[in-house]
Amino acid sequence: MRTTTAPETVAELIARQWGDHRPGLMYGDAERHVLTHHRTAQEAAARAALLVDLMPPGAEPHLGVLLDNTPEFPFWLGAAALAGAAVAGINPTRRGPELARDILHTDCRILVTERVHLPLLRGLDLPGVRILVTGTEEYEALLAPYAAAKPGAAVLGSPGPASRLLLYFTSGSTGAPKAALCTQGRLAAAGSALARQFSVGPDDVHYICMPLFHGNAVIADWLPALAGGAAVALRRRFSASAFLDDVRAYRATYFTYVGRAIQYLLATEPRPDDRAHTLRLGFGTEAGAVDAARFAERFGVRLVEGYGATEGGASVQRTPDTPPGALGRAGAGDDLAVIDPETGSECPPAVLDPEGRLLNGSSAIGELVNRGRSLFEGYWRNPDAEAARTRDGWYWTGDLFFRDADGFLYFAGRTDDRLRVDSENLAAAVIENILARWSDAAAVAVYAVPDEVAGDQVMAALALREGAEFSPAAFEAFLAAQPDLGTKMSPRYVRVVPAMPVTATNKVHRVALRREAFLPQPPSPDPVWYRAPSGRYRPLDTETLSTLLATYDSQGRTHLLTPPPGPPAPQPPTSLDDG
C-alpha cells in the first residue's frame, strides 16, 4: 500500500508496490507481456532471498548484471535494494580482459547474465564469480524455493539511506571506466525529485529504451516511475524504427535519451501519423537545440535537456524562465561556477546575440565546478580518480559550460573535447551546434586533430541525410552565413561517414574518430576533405596527404597522428537501430 511519507530508500519504493495490482512492467518485442506492480515486487523479493543465500560469507555484497533490458534487470535492481546489496551494471559492448576487469574490479561474486551474452564470458578468468544464466531450467530451479518471499524477509544488511545500491561505470572517453558509488538515499531522493518535476503519476508509462547498465535509464527513467507509481515498458535494445510502434502499443508518456538517439529517430522516414501517440515528454542529454526543435515540430513532443552525472557531484535545474539552449541554474545547495582550468579564475559571462548565439566562446567557456555541497559519493577503489574530481575542495565535473549574465548555464561539451587552435581555446560542442544547422547534416561530431606545427586543428565528421551528397561549395556557403562561427572554428578537415560511430549509450565515439584523424582507413576509406589556404574545400588526395605528412615529419609531430591504440571502436550501425 502507498504511504504518505517520502521513502528514504529504494527498498521502500520497491516494498510499497506490494499489493498494487495495476500494470507495472510491460515488455516483449513480438509478444507483449504485462506484470503488475505486485508481481514485480514479488519477483524482486524472491531474488533478494536467493541472493542472501548465494552470497559467500564476508564477501562484498555486490552482484554484476550483464543483461539487455529484460525484466530480469529491474527484478535484480529491486532485489539488491531489498537485500542491502549493490548492482554493478556490466556493459555488454566490453570485450575480453576489459570485461573481466569490470566484473572483478567491482568485487562481484555473483554475475547475472543471459544466454545471448554467454559468448562474451567464454575464456575469461573470473575466479570466485558464480554465474547465473536467466531463462534456464537451472535458474528457475534455484528461484523456485523463494517464490513466496516477501520484501524485507531476507537481507544481507538492513538497507538504509547510506547503503550502496549502484556501482555504475561512467562512460568516460579515456582510461578505464570508473565505478561511481550511488547510495539508496541519494537514488530515492533523485527519483522523487524527478517525479515531482515532471508530475509523474500512476497513469504514466515510462518507456525504457536506453540501456539499464547506464545511469540514465535507471536514475532518470526507472526510479521516477517507482517514485511516482508509474508503469515501465522495456525495449531490449534501442530501435529507432520500432520507437513509435512501442510508444503506441504501451501508451507511453515519457522516455529518456542520451547521445545520438534523437538524431536516429529524426532520421527515420516521416509518417503522416508521427504525432498520433501519447508521449508528453522526453528527458535526456546531448540532443542539441536544433534537433530538439526538429523533434518537437515533427512529433509534437517537448524535449527537456538535463544535467546531472551518475556521480551526483553537481546538478543543473531547469526553471520556467530558462531560455532556449540553456539547461537552467544551479540546483539547491550547489555553488556552481564556470572556471578557467588554467588560471583557476571564474570565466566572464557569455555574450549572446539576439538569436542566442555565443560570441565570446574563447573566454566564456570553462569547466563547471561545484564549490558548495556535493553529493559525490566517490568511486569504488579508485582514490586517484576521486582526488582528481575533488581537488582544491571543489567538485570538478569534467564538463565544459558557459554562463550568461542572468546565471543560466549552457553545456559546451567535455573537457576532453576542448580544442586549442592558434592559441585560442574552443569547445567542440559549440561548433557542433553550429554545424548541425546545415540542412544536409544528419549527424555531426567535432574533435581535435593535431596541427602539423603546434596545437590543434578542427576536424568534423558528417553523416549526411538520406540522398544527400557532400557539396563543398554548399558547405562553404553555409559556413560563411553563420554569424557565430569564429574565424578559427571552421573545420580544417571533414570526414564524410556513412554512420556515426557510437558507444553502447549512443554517444559519439570520439576516441575512435580522433584516432583515425584524417588518415585513410582501409578497406573502404571514408572521403576526407580539407580546407585549402584559399578557404575552399578540396579532396584530401594521395599527393596532398603525402605533402602534409612530410610537414608533420619535419616538425617531429608524426607520432601525434598514431596514438597508442585504445579500446576498439564499435562498428557503426548498419541501420537506424542502434544496439
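List of remarks:
- Filter pass, Leu375 being at pLDDT 90 or above and either within 24 Å of the chain's Cα centre (by Cα) or β-branched (Val, Ile, Thr) (or both): yes
- Strands (runs of 3 or more DSSP E) contained in region 250-307 and holding at least 2 residues out of contact with any helix residue (DSSP H, G or I) (no Cβ under 6 Å at 6 or more places or on another chain) and closer than 22 Å to Phe408 by Cβ: 281-284, 302-305
- Beta carbons closer than 6 Å, at least 6 apart along the sequence or on distinct chains, pair a first residue in region 521-546 that is in contact (Cβ under 8 Å) with a residue 12 or more places away in the chain and assigned to a loop (DSSP other than H, G, I, E, B) with a second that is of a type in the set (A, V, I, L, M) and surrounded by 10 or more Cβ atoms within 10 Å (Cβ to Cβ) for Asp526/Val496; Asp526/Val497; Pro527/Val496; Leu540/Val528.
- Considering only residues in region 400-415 that are modelled with pLDDT of 90 or more and in a strand (DSSP E or B), the one that is farthest from the chain's Cα centre (by Cα) turns out to be Arg403.
- Residues that are farther than 29 Å from Ala473 by Cβ and β-branched (Val, Ile, Thr) were ranked within region 517-563; the one that is modelled with the highest pLDDT is Thr558.
- Within region 167-191, the set of residues being aliphatic (A, V, I, L, M) and buried (at least 16 other Cβ atoms within 10 Å of the Cβ) comprises Leu167, Ala179, Ala180, Leu181, Leu187, Ala188, Ala189, Ala190.
- The condition (being surrounded by 18 or more Cβ atoms within 10 Å (Cβ to Cβ), part of a strand (DSSP E or B) and without any contact (Cβ under 8 Å) to a residue 24 or more places away in the chain) is satisfied by just one residue among Val449, Val444: Val444.
- Entry remark, region 416-429: residues being outside any strand (DSSP E or B), modelled with pLDDT under 85 and crowded, with 16+ Cβ neighbours inside 10 Å number 2 in total.
- Restricting region 148-161 to residues that are in contact with a Gly (Cβ under 7 Å, 6 or more places away or on another chain) and either at pLDDT 95 or above or in the same structural domain as Asp384 (by TED's automatic domain parsing) (or both), the residue that is surrounded by the fewest Cβ atoms within 10 Å (Cβ to Cβ) is Pro161.
Residue-wise test of (1) touching a residue at least 60 places away in the same chain (Cβ under 8 Å); (2) farther than 26 Å from Ala217 by Cα.
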| site | (1), (2) |
| --- | --- |
| Ala100 | no, no |
| Thr113 | no, no |
| Gly128 | yes, yes |
| Thr136 | no, yes |
| Tyr146 | yes, yes |
| Leu166 | yes, no |
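- Of all the listed residues (Arg94, Arg164), the sole one being over 30 Å from Arg373 (Cβ atoms) and either modelled with pLDDT under 95 or crowded, with 16+ Cβ neighbours inside 10 Å (or both) is Arg94.
- Residue within region 459-466 that is part of a loop (DSSP other than H, G, I, E, B) and at pLDDT below 95 present: yes
- Residue in region 59-77 that is in a strand (DSSP E or B), surrounded by fewer than 21 Cβ atoms within 10 Å (Cβ to Cβ) and at pLDDT 95 or above present: no
- Only one entry in Asp203, Asp245 is farther than 21 Å from Thr285 by Cβ, surrounded by fewer than 18 Cβ atoms within 10 Å (Cβ to Cβ) and touching a residue at least 24 places away in the same chain (Cβ under 8 Å), namely Asp203.
- Checked across region 364-386, the condition of being on the phi > 0 side of the Ramachandran plot, of a type outside the set (Lys, Arg), in contact (Cβ under 8 Å) with a residue 24 or more places away in the chain and in a strand (DSSP E or B) holds for no residue.
- Single unsatisfied condition, Gly366 versus (1) surrounded by fewer than 15 Cβ atoms within 10 Å (Cβ to Cβ); (2) in contact with an Asp or Glu (Cβ under 7 Å, 6 or more places away or on another chain): (1)
- Criterion applied to Gly300, Gly313, Gly259, Gly333 was being on the phi > 0 side of the Ramachandran plot, surrounded by 20 or more Cβ atoms within 10 Å (Cβ to Cβ) and of a type outside the set (Asp, Glu), and the one residue passing it is Gly259.
- Matching residues, region 78-96, being assigned to a helix (DSSP H, G or I) and touching a strand residue (DSSP E or B) at 6+ places or on another chain (Cβ under 7 Å): Ala80, Ala81
- When Leu132, Leu167, Leu99, Leu120 are checked against the criterion of being in contact with a strand residue (DSSP E or B) (Cβ under 7 Å, 6 or more places away or on another chain) and under 15 Å from Gly89 (Cβ atoms), Leu167 stands alone in meeting it.
- In this structure, Arg557 does not satisfy being in contact (Cβ under 8 Å) with a residue 40 or more places away in the chain, under 36 Å from the mean Cα position of the chain (by Cα), closer than 30 Å to Gly284 by Cβ and surrounded by 15 or more Cβ atoms within 10 Å (Cβ to Cβ).
- Of the residues making up region 29-40, those that are surrounded by fewer than 17 Cβ atoms within 10 Å (Cβ to Cβ) and within 21 Å of Val247 (Cβ to Cβ) are Asp29, Ala30, Glu31, Arg32, His33, Val34.
The values are calculated or read from the model by the stated rules, or taken from the named source; none is laboratory data. Since we're looking at a predicted model, the values are computed, not measured. Cβ coordinates were reconstructed from backbone atoms using ideal geometry, including for glycine residues, and neighbour counts include every protein chain displayed.
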